[in-house]
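This report refers to the structure that appears directly beneath it.
The values are calculated or read from the model by the stated rules, or taken from the named source; none is laboratory data. Not measured: the values here are computed from a predicted model. Cβ placement follows ideal geometry from the backbone for every residue including glycine, while neighbour counts extend to all protein chains displayed. Surface areas here come from the heavy atoms of the whole protein model, side chains and all, with no ligands, DNA or RNA. Shrake-Rupley method; radii C 1.70, N 1.55, O 1.52, S 1.80 Å.
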Amino acid sequence: MKVIKIKPIYKDNRGNISDIFYQHQIDHVAIINSKKGALRGDHFHKSTTQHMYMTKGKLIYYYRIANKPNDKIRSVIVSEGEMVTTGPFEVHALEILEDNQFIVFSEGKRGGKDYESDTFRVSPSLIPKKL
């Protein structure tokens, strides 16, 4: 897991331009809108890498390695303008902290008829239960 802040590469009086990817192979792009309190994920991919770029709002990203179910579950808050990368065999789950939108850039199968072909669900959830 890696979180990076996307910074502008060019600025002038009109605004700025930020490169999300440059010379990088992407197979699928999706825009996901979520409501506050929604839970997503609790799965991993065996061969797909995903990059989630937050355009609005924020979420808590929970993660651990799939073949190490007793490993400590870690988390990080991902905010607007940041991107988190999920590699193969990284179990991930999302807790939506406020209405948000993020764009998912996938390297590998993830869209259309392939949406679930490299998705492996896990239980119990990585997201802790609220008291």
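So, taking all protein chains as they sit and a 1.4 Å probe, how much accessible area belongs to F89, in Å² rounded to tens?
Here the residue's solvent-accessible area equals roughly 90 Å².
Give me D for the chain in µm² s⁻¹, whole number, from Stokes-Einstein with Rh from the Kirkwood sum over alpha-carbon pairs, 4 °C and 1.567 mPa s.
Rounded to a whole number, D works out at 84 µm²/s.
Would you list which lysines come within 26 Å of K109, measuring only between C-alpha atoms, while excluding same-chain residues fewer than 8 positions from it?
Candidates past the 8-residue exclusion: K2, K5, K35, K46, K56, K58, K68.
Provide the gained length on full extension for the span I77 to K7, in nm with one decimal, where the gain is 0.36 nm per separating residue minus the Cα-Cα distance.
Stretched fully, the I77-K7 segment lengthens by 23.4 nm.
Would you list V76, V104, V29 from the most to the least accessible area, probe 1.4 Å?
Putting V76, V104, V29 in descending order of accessible area: V29, V76, V104.
Which order do the peptides 41-51, 5-15 take when ranked by the mean count of other beta-carbon atoms within 10 Å per residue, highest first? Let's see the in-between values first.
Values: 41-51: 18.5, 5-15: 8.8.
Per-residue Cβ counts within 10 Å, averaged per peptide and sorted highest first, yield 41-51, 5-15.
For segment 35-131, calculate the relative contact order in percent as a whole number, restricting contacts to Cα pairs under 8 Å that are 6 or more residues apart.
RCO, segment 35-131: 42 percent.
Quick one: putting +1 on the C-beta of Lys and Arg, -1 on the C-beta of Asp and Glu, what dipole do you get for the chain around its Cα centre, in Debye to the nearest 20?
Rounded to the nearest 20 debye, it is 380 debye.
Would you kindly state how much longer the chain becomes between I20 and T55 on full extension, computed as 0.36 nm times their sequence separation minus their alpha carbon distance, in nm to one decimal? Spell out each step's value before the answer.
On the way: separation 35, 0.36 × 35 = 12.60 nm, distance 1.16 nm.
Stretched fully, the I20-T55 segment lengthens by 11.4 nm.
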